[in-house]
Amino acid sequence: MKALPLRLTASPDLPPSALATYRAQRTAEILRMFSVGVTGISDAVLRRSLDATELQVAIFLAFIASGHFLASFWGAAMEGRSKRPFFILGAVLSRLVLLLLILWGHPVWFILVFAVSAWADPCFLIAQNSLFQSNYPAGMRARLVSRVNMYGRVAFLAGAIVGAALLDLHPDRASWILATGAFVGFWGVYAYARIPFENPREAPGSRRRAFRRMFSDVAAILRENPAFRRYEAYYMIYGFAFMILWTVNVFLLVDDFHVTYKEFSLARQLLVQGGIVLAYPLAGRSMDRRGPYWTAALAFLSLTLHPAFLAAAVWTREIAFVWAGFLSFGLSMAAVDVTWNFAAMHFARDRDASPFMGVHIFLVGIRGTLGPFAGLALYRLSGFYAVMGVSFALFLAAGLLMAFSSDRRSEEAAGLVEKASDLAR
């Protein structure tokens, strides 16, 4: 598997339409991810600038994740339809709506506005996934998108630096800073709507059925595709580990280590995204060559370093272990990000991947809604070490299950996916 050249040009393997998509997506992703970098520090703003309680922080994170429950709705709604209106809707509801933050600087209002934004995010993600499937050759898809995502991650780093610096200078204007960053992201998401689809998966007859059975199809796809079901079960184990730890990280950084916004951004954004940028080429090649099982196994097993480093930070009171923990987290999350984007296409094969992506994101909603409260309860009952230990065990279990299942389940997926795909027709 050859690596992509530094400068991409049209070739038999990379048709002009795919090259044009790559260039347009690169610009759109830079704008979108700069915005995400600015708004990505929102949980720290809620805790530090708005004096939210621990429970309000957990509710905020649960509301953010609860938007994923609408993934099955968005996946069913856009199947067989033009994706352009959904990109526009995502631009308005996921980014532009954050301008409402400037109306009232109260934790409850802050939580509600971000909840609306989060509920629209799956609309964009599923439409974006369909664009990848339509416009990029299957054998190069993961590497092309990984290349674009590297540009996006660099833009994210820039947004995180700018946002954190402004928040440290003007903590009383946090809502205005986040709203301005969101406005930049609106134009990035809107730019996706201007990219034409080369091979749209049209199925006009399926629309009425898709709306009528948009939630039952989640169970149907999982029931009829054992390989996809097992894959998502193992992903669920990882997801719970992620969410219980991610919630408590806010308290570790803000309350225990008393970090500034710049230091919070360094840990949760700069080091994480820097690690993702560094590991993206390897993750993309792993996905193209070995598939989602092996790539996810690599990610989950390496994620055990994250809680281990954070436990060492709590034990020694050395913030250097915090930096190491978040850098290792970012290096591992590159592979998670790649499997997030492409596993649905792996199982959907030549069908529209929207329903499969909808199932995946719907399940994220389950663990993302329950995880923050589980993490908070574990933290209040037993402290940081219990949270780190449980997360370590869950990451390890998810990684081993994926690794042991990689070869056999990948072959099984190839034989059973057509049966499951019929459910989405």
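Things worth noting here:
- Each of 166, 278, 131 has some number of other Cβ atoms within 10 Å of its Cβ, and from fewest to most they run 278, 166, 131.
- Order of 113, 154, 387 - criterion: other Cβ atoms within 10 Å of each residue's Cβ, fewest first: 154, 113, 387
- Look at 194, 141, 229 and count the other Cβ atoms within 10 Å of each Cβ; fewest to most, that gives 194, 229, 141.
- For the stretch 28-42, Karplus couplings with θ = phi - 60° (6.51, -1.76, 1.60), whole Hz, Gly/Pro x: 4, 6, 4, 5, 4, 6, 4, 4, 5, x, 6, 7, x, 9, 4
- Between residue 315 and residue 103, the contour length at 0.36 nm per residue exceeds the Cα-Cα span by 72.1 nm.
- In order along the stretch 306-321, the Karplus-derived 3J(HN,Hα) couplings, from 6.51 cos²θ - 1.76 cosθ + 1.60 at θ = phi - 60°, round to 4, x, 5, 5, 5, 5, 5, 5, 5, 5, 8, 6, 9, 5, 4, 5 Hz, and Gly and Pro are given as x.
We did not get these values from a lab; they are worked out from the coordinates using the rules stated. In this text, all values refer to a predicted model and were calculated from it rather than measured experimentally. Methodologically, a virtual Cβ is constructed for each residue, glycine included, from the backbone with ideal geometry; neighbour enumeration extends over all protein chains shown.
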